[in-house]
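Working notes, structure below.
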Amino acid sequence: LFAGQVEFLKGVVAMDGLPPADRAEVCFAGRSNVGKSSLINALTGQNRLARASNTPGRTQEINYFVLGPEHYLVDLPGYGFAEAPKPVVEKWQRLLKAYLAGRQTLRRAFVLIDARHGAKKVDEEIMTLLDGAAVTFQVVMTKVDKTRGRALEDSLARTREALARHPAAFPEIVLTSSEKGEGLETLRAIVADL
Ligand code: GTP
Ligand code: MG
């Protein structure tokens, strides 16, 4: 599935701009700066496909990428703190929530969580929204190259505790590093299986 070229389709700023719901899709959600765009680049092996940056709030549209003949990959704007004017942030957060709760063809939402921090309150708010919409979600820990040992165990334990409170959660957590390539093969296989 990831062997061919993945192409950018469009950036969406309102629900009526979504492409026709005629393909299965998976999306990457998470707090601003958690590494959503970087993960899409790492998964596809195309480093300039999605724009990543050190500034939280880099991705401000719902970005669609065409994966193989019948799937979309979707890069989402972040939630939580972002370096952008408040009305702008509020607009994309409304769009993000409408998308997560209302996209018929969304097969699975990957909820990215920084391996150093574990699930936070805002992550659980998104998980609750996904529960309500009956969208299966799976946690992907990002930036595992930045932590290990006890700290990683603690953040995993906190995240597992959070997942136990959410019926739409898929129990397996995937550990990844876009920087070092860890976990990418596992995640590609999960997407391909969907
Ligand atoms: P927004 O679009 O602002 O919501 O952010 P995002 O979640 O798309 O994050 P992005 O991919 O832009 O990455 C944010 C920062 O984290 C960048 O400086 C990346 O280089 C860095 N980063 C992402 N993944 C990793 C990783 O696995 N390891 C390390 N060390 N840094 C990473
Ligand atoms: Mg981004």
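List of remarks:
- The chain: most fluctuating residue of Thr159, Thr44, Thr147 per GNM, C-alpha cutoff 10 Å: Thr147
- Amide N of region 45-72 lying under 12 Å from the label point, which is placed 7 angstrom from the Cα of Leu194 along Cα→Cβ: 71-72
- Within region 76-181, GluC sites (Glu not before Pro) in DSSP loop having at most 14 other beta-carbon neighbours inside 10 Å: Glu83, Glu179
- 9 Å beta-carbon shell around Glu179, net charge (K/R +1, D/E -1): +1
- About the centre of its Cα atoms, region 36-194 shows a dipole size close to 340 debye [charges on the beta carbon of Lys, Arg (+1) and Asp, Glu (-1) only; nearest 20 debye].
- Region 7-80: trypsin sites (Lys or Arg not before Pro) in DSSP coil with no more than 11 other Cβ atoms inside 10 Å: Arg48
- Modelled spin-label separation between Asp145 and Val122, with each label point placed 7 Å from Cα along the Cα-to-Cβ direction: 2.4 nm.
Just so you know, all these numbers are worked out from the coordinates, no wet-lab data involved. All figures in this text were calculated on a predicted structure; none of them were measured in a lab. Glycine gets a Cβ as well: all are built from the backbone with ideal geometry, and neighbour counts include every protein chain shown.
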